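Shown next, in structure tokens, is the structure this report addresses.
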Amino acid sequence: MTPPDVDVVLPCLNEAEALPWVLERIPPGWRALVVDNGSTDGSADIARARGASVVHEPRRGFGAACHAGLTAATADVVCFCDCDASLDPGLLIPFVHEVRDGGADLVLGRRRPQGRGAWPPHARAGNLALTRMLRRRTGLRLHDLGPLRAARREALLALGLSDRRSGYPLQMVVRAADAGWRIAEHDVPYLPRAGASKVTGTWRGTWQVVRDMSRVLAETPAHERGTTAREGGTVR
């Protein structure tokens, strides 16, 4: 069996409404890995019916779903994208080219909201607070910790990501920075999501994410843990 060109990890919890739109936009030759995190709305069946591979992760948590997808992936380059129709996975094509061409080790999408309701004020405030804390921790001048991203699979696995909650995306960036990765950020349109947010739909949910991610930022840097990784990183 020919391996896919790229694997796209799609963490999924009750996204039946959004899945068809998302899966229609997976680029040809790429494989959609829908990680079902305990859906009760038939999301897994919808994904299979549309040609996606389904991975089951019974442990609840965004990080648990993302990491299950990463470990199930077989392609050299792995992408991540939310499964709520807020982001078009087709936007990942130039991200993958940049990784393959050696321009960057990790490419992130900076969300630019399109229309009212795409990014509620409390979610933006939480994101701003986290990017400022990230800058103090690593020196990286990122503007967003959004879910749209691409990197090489083996390198991601070597980061030893351990967070299985909301801190997973941030831990990926922090450990990549500690390892001296070249990190690029590019604007991407951010659409109003389909359905209600499971995490950042309320102030309470947003600040729970901030607390999860604050714990990640308190980690001991890699070079102090006795690894060979270099401190800091470069944003392009």
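The values are calculated or read from the model by the stated rules, or taken from the named source; none is laboratory data. Just so we're clear, the structure is a prediction, and the values are computed from it rather than from any experiment. Neighbour counts are summed over all protein chains in view; Cβ atoms, including those assigned to glycine, are modelled from backbone coordinates with ideal geometry. Just so you know, the surface numbers come from the protein's heavy atoms only, side chains and all, with ligands and any DNA or RNA stripped out. Shrake-Rupley method; radii C 1.70, N 1.55, O 1.52, S 1.80 Å.
Odds and ends about this structure:
- Selected residue (only one of 40, 74 is open to solvent by 10 Å² or more (accessible area, probe 1.4 Å), assigned to a loop (DSSP other than H, G, I, E, B) and in contact (Cβ under 8 Å) with a residue 60 or more places away in the chain): 74
- Residue check, residue 23 part of a helix (DSSP H, G or I) and in contact with a strand residue (DSSP E or B) (Cβ under 8 Å, 6 or more places away or on another chain): yes
- The set of residues in region 99-119 that are open to solvent by 40 Å² or more (accessible area, probe 1.4 Å), in contact (Cβ under 8 Å) with a residue 40 or more places away in the chain and not in a strand (DSSP E or B) comprises 105, 114, 115, 116, 117.
- The set of residues from region 81-98 being among the hydrophobic types (A, V, I, L, M, F, W, C) and open to solvent by 10 Å² or more (accessible area, probe 1.4 Å) comprises 85, 91, 93.
- Residue in region 50-71 that is part of a helix (DSSP H, G or I), without any contact (Cβ under 8 Å) to a residue 60 or more places away in the chain and open to solvent by 30 Å² or more (accessible area, probe 1.4 Å) present: no
- None of 128, 157, 145, 108 is in contact with a helix residue (DSSP H, G or I) (Cβ under 9 Å, 6 or more places away or on another chain), at pLDDT below 95 and not aromatic (Phe, Trp, Tyr) except 145.
- Across region 35-55, not a single residue is classified as modelled with pLDDT of 95 or more and within 18 Å of residue 152 (Cα to Cα).
Table: residues versus (1) over 21 Å from residue 65 (Cα atoms); (2) polar (S, T, N, Q); (3) more than 16 Å from the chain's Cα centre (by Cα).
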| residue | (1), (2), (3) |
| --- | --- |
| 81 | no, no, no |
| 84 | no, no, no |
| 89 | no, no, no |
| 95 | yes, no, no |
| 98 | yes, no, yes |
| 102 | yes, no, yes |
| 114 | yes, yes, yes |
| 118 | yes, no, yes |
| 122 | yes, no, yes |
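- Among the residues examined, residue 25 qualifies as in contact (Cβ under 8 Å) with a residue 24 or more places away in the chain and open to solvent by 30 Å² or more (accessible area, probe 1.4 Å).
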